[in-house]
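Note sheet for the following structure.
Read-outs throughout are calculated quantities, based only on the coordinates presented, and are distinct from any laboratory measurement. These numbers were taken from a predicted model, which means no experiment stands behind them. When we count neighbours, we look across all protein chains shown, and the Cβ atoms used for this are built from the backbone with ideal geometry, even at glycine.
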There are 2 protein chains.
Amino acid sequence: MTDQHMALGVLVHATGSHPASWLQSEAPRDASTNIDYYRKLATLAETGLMDLFFIADTPAARTEKLNVYTRYPLFMNCFEPITLLSALSGSTRHIGLGATASTSFYEPYNLARQFASLDHLSHGRAGWNVVTSANDYAARNFGLDKLPPHDRRYARAREFFDVVSKLWDTWEDDAFVGDKEQCKVFEPGKFHTTDHQGEFFTVYGGLNIKRAPQGRPVIIQAGSSEDGKSFAAETAEVVFSSDPTLEKSQRFYADLKGRMPAFGRAPEEMKILAGLSVVVGSSEAEAQDKYRELQSLIHPDVGRMRLGADLELDLTNFPLDEPIPEHLIPKTANLHQAYFNQIVSMIRDQKLTLRQLYSSYERGKVTLCGTPQQIVDHMEEWIDTRAADGFMLAFHVLPNDMTDFVAHVIPELQRRGRFRKEYSGTTLRENLGLARPANRHAQAAR
Amino acid sequence: MTDQHMALGVLVHATGSHPASWLQSEAPRDASTNIDYYRKLATLAETGLMDLFFIADTPAARTEKLNVYTRYPLFMNCFEPITLLSALSGSTRHIGLGATASTSFYEPYNLARQFASLDHLSHGRAGWNVVTSANDYAARNFGLDKLPPHDRRYARAREFFDVVSKLWDTWEDDAFVGDKEQCKVFEPGKFHTTDHQGEFFTVYGGLNIKRAPQGRPVIIQAGSSEDGKSFAAETAEVVFSSDPTLEKSQRFYADLKGRMPAFGRAPEEMKILAGLSVVVGSSEAEAQDKYRELQSLIHPDVGRMRLGADLELDLTNFPLDEPIPEHLIPKTANLHQAYFNQIVSMIRDQKLTLRQLYSSYERGKVTLCGTPQQIVDHMEEWIDTRAADGFMLAFHVLPNDMTDFVAHVIPELQRRGRFRKEYSGTTLRENLGLARPANRHAQAAR
């Protein structure tokens, strides 16, 4: 717990998180399914001494609007994250390897087992982003017409998490003795069967892999609804926050950390990482030009669709150069509360036209254009005013924007004593300054 | 299809397939969860130019008889196979990577996606062993009291396979064009939604990863019941056979290949690999001594349990030095027909005591002790008399027995023109001489 620097993660998807990133002339056409390309990205992030290499996920391809998705093929064609991170575990040594996996579409036993296996493969570098949602396309791949309602998904998620964390404690840390003379591999008394009968799951058994190097993978969440915040306060160790302004982020930070004592947790047991995109330039103007050029490449069909997805409103035929009238906006979000709130605020506060809106909206993050010094000033302010414990970097264009960040921003952070100069721990938990959880059975017994 | 050598796979589990292998003084205590150890094994198998590196699986730890399983900890503590093979994809270049995954305990979408991802990660080297069973311990991890009956499991397996193979054809091979000028990543008309409504699964959607390098992973099966043989004749490309005698294997071979034309398939479209364990010595006597010494290390509790599991009969209190009376033997097997039949034959034909039985029984394979010449003589005979197209090697002690095989048996096979001197293809299919399946939609359209 001595590593007091800010936490830095990087959200990685193919050629970058910007919808037009794949249109760059140097972007490899097969990036999303090219393991050598991903290896280079992971190595670059590790060169930058980052904590977490993170893969978001939706277990579905879109089956509609393919004429739009061919212009912005997010999640239409990509590696499955758990297999991808397993492959990357061998070509990295220090960086954490995290992925999204939905509690709505997995069996708890399979998920507990695969993430425990990934934690062993990586010698303690796995992280699981617990999500309940995805979208109706995903639901239909798993026998449902559409996603269950928000509260039912959270009820399932809580029970899913309960089962998975019980399974992760099947074996006490010192269960395996490997005593050849006595012909005894493990102490039978240090194996604990899970006997769970709940509303969603009935599981009787034990996990067939020893306890993970980290005790369990680092638990990540990103929910910002009431259910989501309560669940995170109880269980999350890393939270991706997605309020774009300092003030809102401070409020979210105080709110979430304030809920932790009710669950017997100290605020330090959770790291809140604010979403951040940066465009680095030798001057602010140069960086802004770079960003504007990229934004201008967004196809109007794509702009309408992205905004419509997060606002949960079909904008296909809506005029580009008029604002969206307030009465058309849904009352509540079913999918992602924070993204929805962000757009609604932009509509109310800034009176933008649809085109202006999609050209400036960034899903759950801020795009900061500036010099390394300006960027570090911003990061310091957010840390020092308790808006975040670190940042989740979503680079618009990969690998270029990450290359710039590693070459120019990381050294400035280091110069100001804000970031490590070498990895201090061997596990993701150690690098984040998170404690290794005790096995529930070991605690009870001693 | 020009590579006419025999096919060779290796079944890998930790310190070896022998129940006493972990007791060897040089066996690493953490072998089953040590990725560096597995990397060395995979590299060794690849040095031996083998076709397939294979991981068997049961998604469960035993929750009973732990005092016995601590003496023989099979599947109590091991990597999850899909994550393990994903990790190994980066440290190997040629060898196929296959694993068991049960149709009873996965969602088809997740399985289709992970195996497609593994096929991309490995550039076309994935194989899936389609099994229906495992055991009641596994069933209880997934909300069931016990395994469904044999015929229900096969009904589910057939539908599962149907869904998975439809999903693997979501994208035509030439769907991704990556046309930056026209802002078009893929041809929307070359994406095909699966719309499946069956008894066990309802799936509406498309796989979110492009078609696998092999079209689909190589389909492996090992069933020997009537249902199993029929399913294999229709869909399997590699079959693990497990009759221990030449004559029975010839009958199985003729039976299975004879069933293929009814499904429009040629016998060459399936490779039958006979289970084989070898102990190599500079003389037959030396090899036999080595094997006897190993067999003598089997703990009586372990001998009783292993035999009892495959005979589906509790032998815990049965006297060691008497034969098992025929009237106690169950009439039919519910779990693995071939293993069951093998034991029943041994009881009827050889009148062995329980101790003799467990000391000579080898699950679905022959142990051959001899010189490299003798071993190759045996292998040639099985190939030339149509008992097998190749062998699935289950080494008693790893890595030692595989090291011996690679150093002494492979060169003898090569000298006789029976085995490759270098890998001829880049995918598992190519190395096995199996055709790449056409996409069903591309066939229909052209």
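The label point for A:Arg440 and the one for A:Asp174, both projected 7 Å from the Cα toward the Cβ, are 2.2 nm apart. For B:Asp174, inter-copy separations between label points set 7 Å beyond Cα along the Cβ vector come to 6.6 nm, shortest first. The modelled label-to-label distance between A:Asn34 and A:Gln414, using points 7 Å beyond Cα along the C-beta direction, is 2.8 nm. Each residue, B:Gln373 and A:Gln350, gets one label point 7 Å from its Cα in the Cβ direction; the gap between the two is 8.4 nm. A:Asp377 label point (Cα plus 7 Å toward Cβ) to equivalent points in the other copies: 8.6 nm, shortest first.
From the Cα gyration tensor of chain B, with a ≥ b ≥ c the square roots of its eigenvalues, which class applies: rounded if a/c is under 1.5, or else prolate if a/b is larger than b/c, or else oblate? Don't skip to the end; give the middle numbers.
Working: a/c = 1.72, a/b = 1.41, b/c = 1.22.
Verdict is prolate for chain B.
Convert 37 °C to kelvin, take the viscosity as 0.692 mPa s, use the Kirkwood radius over C-alpha pairs of region A:1-129 as Rh, and evaluate the Stokes-Einstein diffusion coefficient in µm²/s, rounded to a whole number.
Stokes-Einstein gives a translational diffusion coefficient of 208 µm²/s.
At each listed q (0.20, 0.29, 0.31 Å⁻¹), what is the log10 of I(q)/I(0) that the Debye formula gives for region A:35-90 modelled as equal alpha-carbon point scatterers? Reported log10 I(q)/I(0), two decimals: -0.81, -1.18, -1.26.
For chain A, what is the mean residue ellipticity at 222 nm derived from helices alone (per DSSP H run of n ≥ 4: -39500 (n - 2.57); sum divided by total residues; nearest 500 deg cm²/dmol)? Working shown, then result.
Working: 17 runs with 169 residues, N = 446.
My calculation for chain A gives -11000 deg cm²/dmol from helical runs alone.
If R₀ is 51 angstrom, what is the calculated FRET efficiency for the pair B:Leu246 and A:Glu234, using the beta carbon separation as r and rounding to 0.05?
Details: r = 63 Å, r/R0 = 1.23.
The value I calculate is 0.25.
When the Debye formula is applied to the Cα atoms of region A:201-338, each taken as the same point scatterer, what base-10 log of I(q)/I(0) results at q = 0.09, 0.13, 0.17 Å⁻¹? Those come out to -0.47, -0.87, -1.11, one per q.
Let me have the relative contact order for region B:283-383, percent, based on Cα pairs under 8 Å that are six or more residues apart.
Working: 87 pairs, mean separation 36.5, N = 101.
Relative contact order comes out at 36 percent.
Charge dipole of region A:12-155 (Cα centre as origin; +1 on each Lys and Arg Cβ, -1 on each Asp and Glu Cβ, all else neutral): 120 debye, rounded to the nearest 20.
The same position A:Ser296 in the other copies lies at 8.5 nm from this copy, comparing label points 7 Å beyond Cα toward the beta-carbon, shortest first.
Taken as Cα centroids, region B:105-163 and region A:205-273 sit 33 Å apart, rounded to the nearest whole angstrom. Expressed as an acute angle from 0 to 90° and rounded to the nearest 10, what is the orientation of the C-alpha long axis of helix A:108-121 relative to the principal long axis of chain A? Once rounded, one gets 90 degrees.
Take the Cβ-Cβ distance between B:Arg292 and B:Arg152 as r, set R0 to 41 Å, and report the resulting FRET efficiency rounded to the nearest 0.05. Efficiency, rounded to the nearest 0.05: 0.40.
Rounded to the nearest whole Å³, what is the per residue volume of the convex hull around the Cα atoms of region A:119-174?
112
Expressed as a whole number of Å, what is the distance separating the alpha-carbon centroids of region A:1-49 and region B:384-446? Value for the Cα centre distance between the two parts: 37 Å. Would you mind checking the tilt of helix A:226-235 against the longest principal axis of the Cα atoms of chain A, expressed as 0 to 90 degrees and rounded to 10? With rounding to tens, the tilt is 40 degrees. Working value for the protein assembly as shown: equivalent-ellipsoid semi-axes of 50, 30, 25 Å, each the square root of 5 times a Cα gyration tensor eigenvalue, largest first. In terms of its C-alpha gyration tensor, region A:324-446 comes out oblate, because a/c is 1.5 or above while a/b does not outweigh b/c. Among B:His13, B:Met76, A:Gly223, which residue has its Cα furthest toward the positive end of the charge dipole of the protein assembly as shown, with +1 on Lys/Arg Cβ and -1 on Asp/Glu Cβ? The residue sitting farthest along the positive end of the dipole is A:Gly223.
Cross-link reach is defined here as a Cα-Cα straight distance under 17 Å, omitting same-chain residues fewer than 8 places apart; for A:Lys166 the lysines meeting it are A:Lys190, A:Lys210. Let me make sure I get this right: for region A:254-315, a, b and c are the square roots of the gyration tensor eigenvalues over alpha carbons, sorted descending. Under 1.5 in a/c it's rounded, otherwise prolate if a/b > b/c, else oblate. Which is it? Since a/c reaches 1.5 but b/c is at least a/b, the shape of region A:254-315 is classed as oblate.
At a Förster distance of 30 Å, what's the computed FRET efficiency of A:Glu26 paired with B:His123, Cβ-Cβ distance as r, to 0.05? Intermediate values should be presented prior to the final figure.
Values: r = 23 Å, r/R0 = 0.77.
So, using R0 = 30 Å, E works out to roughly 0.85.
Against chain B, whose longest principal axis comes from its Cα atoms, helix B:246-258 is set at around 20 degrees.
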